[in-house]
Structure formats: structure tokens, C-alpha cells
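What follows is a short report on a single structure.
The values are calculated or read from the model by the stated rules, or taken from the named source; none is laboratory data. None of the values given here were measured: they were computed from a predicted structure. Note: ideal-geometry Cβ built from the backbone for every residue, glycine included; neighbour counts use all protein chains shown.
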């Protein structure tokens, strides 16, 4: 299943906290990318990353993201959205 994970930084994420956690956040994120949990990633200035995840469930996506240092420290949260194929497009080719 594909899940979009959209980060939101909390007000507790100060520049000092970011500096403190980034040496751990980057390798932790890279681990999720290398194990295939995070399939693609982007960044929104002022908000944080957006991940396209390849997971078994939304619950598994949440459990995976909860291990990231900024989430574990309470400085970031993620909105999770399950996404799938745009199946209504099939209606456009049925009459072809």
C-alpha cells in the first residue's frame, strides 16, 4: 500500500533542537529509504519532509515514522494518507 506522510513541525522545534537532532534524523530517514519503507521524499520549506511510503498499513507507516528522532522527541508529527490508483480513469477507456 502507498501512504503519503506529510510532516508538520511543532512549535517546540527550535533551531537549537533542530541542530541537536539532525545528525540522527538524517541517517534514520536514510535507513527507511534504503529498506524501501520510504519510496520517495520531498521537502517543503518551513514544514518538513513529505514521504511516499510503501508499507503494509497506515498503522505500520505511523510506527515507522514514530522511530524518527524528531517525532520521538515530540518536535514533528505526520499526517498520513493512504493513496491508490486513480481507478475512475478506467471509465474513460471502457468505450474505446
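Residue by residue, here is whether (1) in contact (Cβ under 8 Å) with a residue 40 or more places away in the chain; (2) outside any helix (DSSP H, G or I); (3) within 15 Å of residue 4 (Cα to Cα) holds:
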| position | (1), (2), (3) |
| --- | --- |
| 41 | no, yes, yes |
| 46 | no, yes, no |
| 56 | yes, yes, yes |
| 63 | no, no, yes |
| 70 | yes, no, no |
| 77 | yes, yes, yes |
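When you look at residue 48, is it at pLDDT below 95 and surrounded by 13 or more Cβ atoms within 10 Å (Cβ to Cβ), yes or no? Before you say what the answer is, go through the steps one by one.
Working: at pLDDT below 95: yes; surrounded by 13 or more Cβ atoms within 10 Å (Cβ to Cβ): yes.
Judged against the criteria, residue 48 is a match.
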### Message
Please go through (1) part of a loop (DSSP other than H, G, I, E, B); (2) out of contact with any strand residue (DSSP E or B) (no Cβ under 9 Å at 6 or more places or on another chain) for residue 92 and return the number of the only condition it doesn't satisfy.
### Response
(1)
### Message
Condition (residue is surrounded by fewer than 15 Cβ atoms within 10 Å (Cβ to Cβ), in a strand (DSSP E or B) and modelled with pLDDT of 95 or more) applied to segment 8-28: is it met by at least one residue?
### Response
yes
### Matching residues, segment 74-96, being touching a helix residue (DSSP H, G or I) at 6+ places or on another chain (Cβ under 6 Å) and either more than 19 Å from residue 10 (Cβ to Cβ) or modelled with pLDDT under 95 (or both)
82
### Query
Considering only segment 57-95, how many residues are surrounded by fewer than 14 Cβ atoms within 10 Å (Cβ to Cβ) and within 21 Å of residue 24 (Cα to Cα)?
4
### Query
Out of all the residues in segment 64-73, is one or more out of contact with any helix residue (DSSP H, G or I) (no Cβ under 8 Å at 6 or more places or on another chain) and modelled with pLDDT of 95 or more?
yes
